[in-house]
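Before any comments, here is the structure.
The values are calculated or read from the model by the stated rules, or taken from the named source; none is laboratory data. It should be emphasised that the depicted structure is a prediction, and the values quoted were computed from it without experimental measurement. When we count neighbours, we look across all protein chains shown, and the Cβ atoms used for this are built from the backbone with ideal geometry, even at glycine.
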Amino acid sequence: MADQFDSPVDVEAAAADGVSGLGQLAVAVGVAVLVLAMFNAHALAAWADGLTPSARSAVVVAVSHDLADATAAQGLDAPRMAMKMQWDHAKAARWRGQSNDQR
């Protein structure tokens, strides 16, 4: 069954402009990685905090926190913070008469 799979994109063939499908795929993945790193640096730093302590993970933690600080200083963290504030507000909402310890 797996040998009968036809991809809608021929990643091996060269396009008319000379860029192969594999090259286009590499560019698309690279752009996606950069966008996610810029707009999701806070999550990357939180993930790095959970790594097992070692010399290598210390470098990853430092770089990820530097990236998170840099993106926050540029204002790229604002959409995430706005969504987090809305989510926290929604989580704190209670029905009339419902105590805070009920979920």
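If I ask for residues that are more than 27 Å from K84 (Cβ to Cβ) and either surrounded by fewer than 12 Cβ atoms within 10 Å (Cβ to Cβ) or in contact with a strand residue (DSSP E or B) (Cβ under 6 Å, 6 or more places away or on another chain) (or both), which ones from the range 13-51 would you list?
A13, A14, A15, A16, D17, G18, S20, V27, A28, V29, G30
Can we say A82 is surrounded by 10 or more Cβ atoms within 10 Å (Cβ to Cβ) and modelled with pLDDT of 95 or more? Walk me through how you get there before you give the answer.
Values: surrounded by 10 or more Cβ atoms within 10 Å (Cβ to Cβ): yes; modelled with pLDDT of 95 or more: no.
When the stated conditions are applied, A82 does not pass them.
Can you tell me which residue is farthest from the chain's Cα centre (by Cα) among those in the range 19-65 that are part of a loop (DSSP other than H, G, I, E, B) and aliphatic (A, V, I, L, M)?
Here is the first cut: in the range 19-65, the ones part of a loop (DSSP other than H, G, I, E, B) are 19, 40, 50-54.
Among the residues that remain, those that are also aliphatic (A, V, I, L, M) are: 19, 51.
On the way: V19: 27, L51: 17 Å.
So the residue we want is V19.
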